[in-house]
1. Check 231, 223 and return the single one that is under 30 Å from residue 97 (Cα atoms), at pLDDT below 90 and either in contact with a strand residue (DSSP E or B) (Cβ under 7 Å, 6 or more places away or on another chain) or surrounded by fewer than 18 Cβ atoms within 10 Å (Cβ to Cβ) (or both).
2. Can you find a residue in the stretch 66-82 that is outside any helix (DSSP H, G or I), at pLDDT below 95 and surrounded by fewer than 18 Cβ atoms within 10 Å (Cβ to Cβ)?
3. I'd like the full set of residues that are farther than 21 Å from residue 71 by Cβ and surrounded by 18 or more Cβ atoms within 10 Å (Cβ to Cβ), limited to the stretch 38-47.
4. Just one of the numbered conditions (1) closer than 18 Å to residue 133 by Cα; (2) touching a residue at least 60 places away in the same chain (Cβ under 8 Å) is not true of residue 43; which one?
5. Condition check: surrounded by fewer than 20 Cβ atoms within 10 Å (Cβ to Cβ), touching a residue at least 60 places away in the same chain (Cβ under 8 Å) and in contact with a helix residue (DSSP H, G or I) (Cβ under 8 Å, 6 or more places away or on another chain). Does residue 55 satisfy that?
6. Give the stretch 98-124 a look and list any residue that's without any contact (Cβ under 8 Å) to a residue 12 or more places away in the chain and within 12 Å of residue 1 (Cβ to Cβ), or say none.
7. Would a scan of the stretch 148-159 turn up a residue that is under 21 Å from residue 73 (Cβ atoms) and without any contact (Cβ under 8 Å) to a residue 24 or more places away in the chain?
8. So in the stretch 177-208, with the set limited to residues that are buried (at least 18 other Cβ atoms within 10 Å of the Cβ) and either modelled with pLDDT under 90 or within 16 Å of residue 99 (Cβ to Cβ) (or both), which one is farthest from the chain's Cα centre (by Cα)?
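The values are calculated or read from the model by the stated rules, or taken from the named source; none is laboratory data. Since this is a predicted model, take the numbers as computed values, not measurements. Neighbour counts run over all protein chains shown; Cβ positions are idealised from the backbone, glycine included.
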């Protein structure tokens, strides 16, 4: 791996940031799963409204979808901020944990998420490199990171497609409901995979930190069987 040229500002714990990111990712996954269930139940609700010409239940269901959609957007923003805060500090800690210097600095590892086109692949490269550098074994597989990224990108594409599907016929409405449910399930799976990526990366970092502390303590303490007192000079009789 090519070594970066930036300088880390020092080691700082990431546990609290990781915990917050995992919590918000879990919450996002739950809301997405709820959206998938609501979309699936929408088939019967929509058919019942058409058959009976009563739309109270349909209106309540539509309001629920709107609320879940709004909550998903809020959670997406908050979760992204928490995840990027964790990623920033994790990248900054890599040199201090003996993983060498990643190619991209902590700041750029975050900024690439907001660069058009590059945001489709550079953040994946950043996470794969950090994952490999912090792993205890040099040839660790990054398949988990790739699967998470592909699932996440797939969920975004599916969500975008749902906004352009036609709803001019009853058949198309059912198709949209099915597609929306699949998109929400994919989002939930991506959230679960992101949690696994964060937790596993944290476990790598924690193991390296514990190892570094052990070495530091060994260097500070005097060697076994010897004393820190200077040797006495002169003859004693």
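1. On the way: 231 fails: under 30 Å from residue 97 (Cα atoms).
Sole residue among the options that is under 30 Å from residue 97 (Cα atoms), at pLDDT below 90 and either in contact with a strand residue (DSSP E or B) (Cβ under 7 Å, 6 or more places away or on another chain) or surrounded by fewer than 18 Cβ atoms within 10 Å (Cβ to Cβ) (or both): 223.
2. Taking the stretch 66-82 and keeping what is outside any helix (DSSP H, G or I), we get none.
No, the stretch 66-82 contains no residue that is outside any helix (DSSP H, G or I), at pLDDT below 95 and surrounded by fewer than 18 Cβ atoms within 10 Å (Cβ to Cβ).
3. Of the residues in the stretch 38-47, the ones farther than 21 Å from residue 71 by Cβ are 43-44, 46-47.
Within the stretch 38-47, 46 is the sole residue that qualifies.
4. So the condition that residue 43 fails would be (1).
5. Values: surrounded by fewer than 20 Cβ atoms within 10 Å (Cβ to Cβ): yes; touching a residue at least 60 places away in the same chain (Cβ under 8 Å): no; in contact with a helix residue (DSSP H, G or I) (Cβ under 8 Å, 6 or more places away or on another chain): yes.
No, not satisfied.
6. none
7. Yes - at least one qualifying residue is present in the stretch 148-159.
8. Checked the stretch 177-208; the qualifying residue farthest from the chain's Cα centre (by Cα) is 208.
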